[in-house]
Amino acid sequence: MNVPNLDMMEVRELRDFAHRALMLSQYASLKARALEDRLIGHVTAAKQAEHECEVIYSKLPIDWKW
């Protein structure tokens, strides 16, 4: 992962980056929860977490998607 030089960013760029990074953090946490839920047979909870991941992913800028 390439991380930009935060020390060279303007305030608006930093806030934008922080918002995007928070979205990725939320995605990662939800994805982990979904995987754990599936492992223990909680399919409904896993599907809900996966849906939330999809919502977050859809809101990411194109250059932050995989």
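Values quoted throughout were computed directly from the atomic coordinates according to the rules given, and no laboratory measurement underlies them. Nothing here was measured: the structure is a model prediction, and the numbers come from that model. Here the Cβ positions follow ideal geometry from the backbone for every residue, glycine too, while neighbour counts run over all protein chains shown.
Some points to look at:
- Tail fraction, Cα-Cα pairs, the chain, threshold 20 Å, whole percent: 39 percent
- Calculated [θ] (222 nm, deg cm²/dmol) that DSSP helices of n ≥ 4 give over the chain, each run adding -39,500 (n - 2.57): -24500 deg cm²/dmol
- Farthest toward positive dipole pole in the chain [+1 Lys/Arg, -1 Asp/Glu at C-beta], among Phe17, His42, Cys53: His42
- Seen against the Cα atoms of the chain and their longest principal axis, helix 43-59 is set at about 20 degrees.
- This ranking places His19, His42 by how few other beta-carbon atoms lie within 10 Å of each, fewest first, which gives His19, His42.
- Length-normalised contact order of segment 22-61 in % [C-alpha pairs under 8 Å, at least 6 apart]: 45 percent
- Lys, Arg +1 and Asp, Glu -1 on Cβ, resulting dipole of the chain about Cα centre, debye, nearest 20: 180 debye
- Computed packing ranks the peptides 49-58, 5-14 as 49-58, 5-14, most packed first, by mean other Cβ atoms within 10 Å.
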